[in-house]
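> One structure coming up, written as structure tokens, with questions to follow.
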Amino acid sequence: MTPAGPAFEYVTGGDDDVALHRIRTPGPQSGTIGPRPDHVVFVLADGHATLTADDGSEWSVAAGRPMMLSASVAYAFDTDATAMTLLHVAPSVLGDADEPSEFVQPDHDDPGVEPLLALLGEVADRILDPSLDAGERAALNRRVTTVVLSTFTRSRSDVEHRLRRAIRFVHDHAGESIEVADIAAGADLSERGLQDLFRRRLAVTPMRYLREVRLDRVHLELVSPRGGVRTVRDVAHRWQFTHLGRFAEHYRRRFGERPHESMRRTDPTHD
């Protein structure tokens, strides 16, 4: 927001991941806030504000109620507040990679914002402290980002888009040697963001989901009649199962029979 007059005060501190700004202004202000590199959580100390997003969504924000300004969204604002706190958080530490998320605002009476307000009151001075040890700052940043993520949820469309990209990547590359980092990159998420997304939406880890997809591919090959000589070992290895004992146990749990039993049903000559 643009400084106005000699009464304007601006205190800032932090690092590239998490930074905090305290602002005092002499009176009412209005203007626009364009898309920016960071997500910004702001809390008014007094007064109120009206914000309008570039899609027409509008919010009336009272003092003491945190609001998330998503990095990729532009806003118009009108406020009579004279003091406010702005918490800047890099998209990368909230689980974003190349494409910042859009976040949903909590309801005006949502008690779920209280932990964030309490945390800001507790750690604001430490964030601003330029002498804070690097290790302590990293731990503090992790604490802040964890609470921010528990306060603001991503929009449904944003979550569904990223989950679909991750799932498509798994299906397209199931026969390759891929890790969590590869799936995360395919969905434009950090590894932590990917893990959180799969746990919240599918109740499994990304690698567990990948294993289930691979088991389905093996099963399809074993029960589909086809010419040529094949073995369970060959099919398992083709879908990246290198430990045959563990593979057989996972297969039995998923399909209720051993891999060789599946093959015999379509290939009676198989022993």
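> Here is a check on your reading of the model: is Gly193 touching a Leu at 6+ places or on another chain (Cβ under 8 Å), of a type outside the set (Val, Ile, Thr) and at pLDDT below 85?
Against the criterion (touching a Leu at 6+ places or on another chain (Cβ under 8 Å), of a type outside the set (Val, Ile, Thr) and at pLDDT below 85), Gly193 qualifies.
> Also, quick follow-up: Looking only at region 156-168, decide whether some residue is in contact with a Gly (Cβ under 7 Å, 6 or more places away or on another chain) and open to solvent by 20 Å² or more (accessible area, probe 1.4 Å).
yes
Okay, residues lined up against (1) open to solvent by 60 Å² or more (accessible area, probe 1.4 Å); (2) more than 21 Å from Asp125 (Cβ to Cβ); (3) among the polar types (S, T, N, Q):
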site: Ala19; (1), (2), (3): no, no, no
site: Pro28; (1), (2), (3): yes, yes, no
site: Gly31; (1), (2), (3): no, yes, no
site: Gly34; (1), (2), (3): no, yes, no
site: Asp38; (1), (2), (3): no, no, no
site: Phe42; (1), (2), (3): no, no, no
site: Ser57; (1), (2), (3): no, yes, yes
site: Leu69; (1), (2), (3): no, yes, no
site: Thr79; (1), (2), (3): no, yes, yes
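> I've got another one for you. Consider Ser72 against the criteria (1) polar (S, T, N, Q); (2) part of a strand (DSSP E or B); (3) touching an Asp or Glu at 6+ places or on another chain (Cβ under 9 Å): it satisfies all of them except one. Which criterion is unmet?
The failed condition is (2).
> Further question on the same structure: Between residues in region 176-190 that are closer than 20 Å to Gln240 by Cβ and residues that are basic (Lys, Arg) and buried (at least 18 other Cβ atoms within 10 Å of the Cβ), which pairs lie under 7 Å by C-beta distance while being six or more apart or on different chains?
Partner pairs satisfying both residue conditions: Ala187/Arg162.
> Now, a different point. State whether the residues of region 110-133 include one that is open to solvent by less than 40 Å² (accessible area, probe 1.4 Å), modelled with pLDDT under 90 and under 22 Å from the mean Cα position of the chain (by Cα).
Yes.
> Just give me the residues in region 92-109 being part of a loop (DSSP other than H, G, I, E, B), small (Gly, Ala, Ser) and surrounded by fewer than 21 Cβ atoms within 10 Å (Cβ to Cβ), in sequence order.
Ala97
> OK, next. Are there any pairs with C-beta distances below 6 angstrom linking a residue in region 14-31 that is closer than 16 Å to Asp78 by Cβ and part of a strand (DSSP E or B) to a residue that is open to solvent by less than 40 Å² (accessible area, probe 1.4 Å) and polar (S, T, N, Q), with the two at least 6 apart or on different chains, and if so which?
Gln29/Thr79
The values are calculated or read from the model by the stated rules, or taken from the named source; none is laboratory data. Being a predicted model, the structure only gives us computed values, none of them experimental. As a convention, Cβ positions derive from the backbone with ideal geometry for all residues, glycine included, and neighbour counts pool all protein chains shown. To get the accessible areas, we keep the full protein, side chains included, count just its heavy atoms, and leave off ligands, DNA and RNA. Shrake-Rupley method; radii C 1.70, N 1.55, O 1.52, S 1.80 Å.
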